[in-house]
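The values are calculated or read from the model by the stated rules, or taken from the named source; none is laboratory data. Predicted model, so just to flag it, every value in this text is computed and none were measured. Every residue, glycine among them, receives a Cβ derived from its backbone with ideal geometry; neighbour counts consider all protein chains shown.
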Amino acid sequence: METLELKRPTWNDEMLDILSESIGNDLYQWCNGNTDLEDCIRDCKEVFQWETSNGFEMAKDLEDKGYSPDAELVEIMDYVYAEQSNILEDAVKKWVKENDIEPPIKGQAKVMVRYGRKEVEGIIAGVYSDRALYKVCIPSEGMTLDGNRFALIKYEDATPI
């Protein structure tokens with residue numbers, strides 16, 4: 001039975017705080033300290049609760065909070081999604097290391113995986129042990145082992161056939 005420690009990290013409030021602090025510092029630098037750092041961090045946190053993938057929309061949300069967006073601010077906000085991904089990936093890598101997780105399926109084994117909304121058959125084409133992910137070829141989706149298109153599947157979501 002899987003314990004709570006073995007549950008893969010997902011985006012959470014602690015990660016949101018890290019993201020808000022990181023980008024809030026960039027926002028503070030961008031506005032030349034005209035807004036308190038704590039306010040920049042708080043404003044980022046409020047915006048990031050609803051949007052993290054569209055720099056223009058986030059800049060508009062900050063405009064509603066009294067900032068005067070320009071191209072540089074949009075560029076800063078365009079980085080938010082990448083930073084969010086990095087924070088989550090770091091948490092997953094830490095989880096893998098701390099729990100000594102090793103994806104159990106080896107070689108080019110056939111597996112059943114969830115891809116989109118359906119269960120499909122795939123072939124493991126590689127393993128990213130540091131993130132406990134399988135690189136899976138899904139022939140029914142037009143993927144081939146010698147191609148360059150694969151699905152990344154969490155190890156816990158792959159079942160050997």
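For the range 134-160, the set of residues classified as hydrophobic (A, V, I, L, M, F, W, C) and at pLDDT 95 or above consists of V136, C137, I138, M143, F150, A151, L152, I153, A158, listed by residue number.
For (1) touching a Cys at 6+ places or on another chain (Cβ under 7 Å); (2) not acidic (D, E); (3) not assigned by TED's automatic domain parsing to the domain that holds N25, each residue gets a yes or a no:
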residue: E72; (1), (2), (3): no, no, no
residue: Q84; (1), (2), (3): no, yes, no
residue: P103; (1), (2), (3): no, yes, yes
residue: A125; (1), (2), (3): yes, yes, yes
residue: S140; (1), (2), (3): no, yes, yes
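Residues in the range 137-157 that are surrounded by 10 or more Cβ atoms within 10 Å (Cβ to Cβ) and either closer than 25 Å to I87 by Cβ or acidic (D, E) (or both): E141, F150, A151, L152, I153, K154, Y155, E156, D157.
With the requirement that a residue be of a type outside the set (A, V, I, L, M, F, W, C), part of a helix (DSSP H, G or I) and in contact (Cβ under 8 Å) with a residue 24 or more places away in the chain, what does the range 32-49 give you?
Those that are of a type outside the set (A, V, I, L, M, F, W, C), part of a helix (DSSP H, G or I) and in contact (Cβ under 8 Å) with a residue 24 or more places away in the chain: D43, K45.
With respect to the conditions (1) more than 16 Å from K154 (Cβ to Cβ); (2) of a type in the set (V, I, T); (3) in contact (Cβ under 8 Å) with a residue 24 or more places away in the chain; (4) part of a strand (DSSP E or B), T52 falls short on a single one, namely (4). Within the range 67-82, the set of residues being without any contact (Cβ under 8 Å) to a residue 24 or more places away in the chain and either closer than 10 Å to V47 by Cα or not in a helix (DSSP H, G or I) (or both) comprises S68, P69, D70. Tell me, yes or no, whether the range 89-98 has at least one residue that is in contact (Cβ under 8 Å) with a residue 60 or more places away in the chain and either among the small types (G, A, S) or farther than 30 Å from Y128 by Cα (or both). Yes, there is a match, as at least one residue in the range 89-98 is in contact (Cβ under 8 Å) with a residue 60 or more places away in the chain and either among the small types (G, A, S) or farther than 30 Å from Y128 by Cα (or both). Looking across R117, R131, one residue alone is modelled with pLDDT under 95, charged (D, E, K, R) and within 22 Å of T10 (Cα to Cα). It is R117. Of everything listed in (1) exposed (fewer than 14 other Cβ atoms within 10 Å of the Cβ); (2) part of a loop (DSSP other than H, G, I, E, B), the single unmet condition for Q29 is (2). Evaluated against (1) small (G, A, S); (2) crowded, with 16+ Cβ neighbours inside 10 Å; (3) modelled with pLDDT under 95, G55 falls short on exactly one condition, (3).
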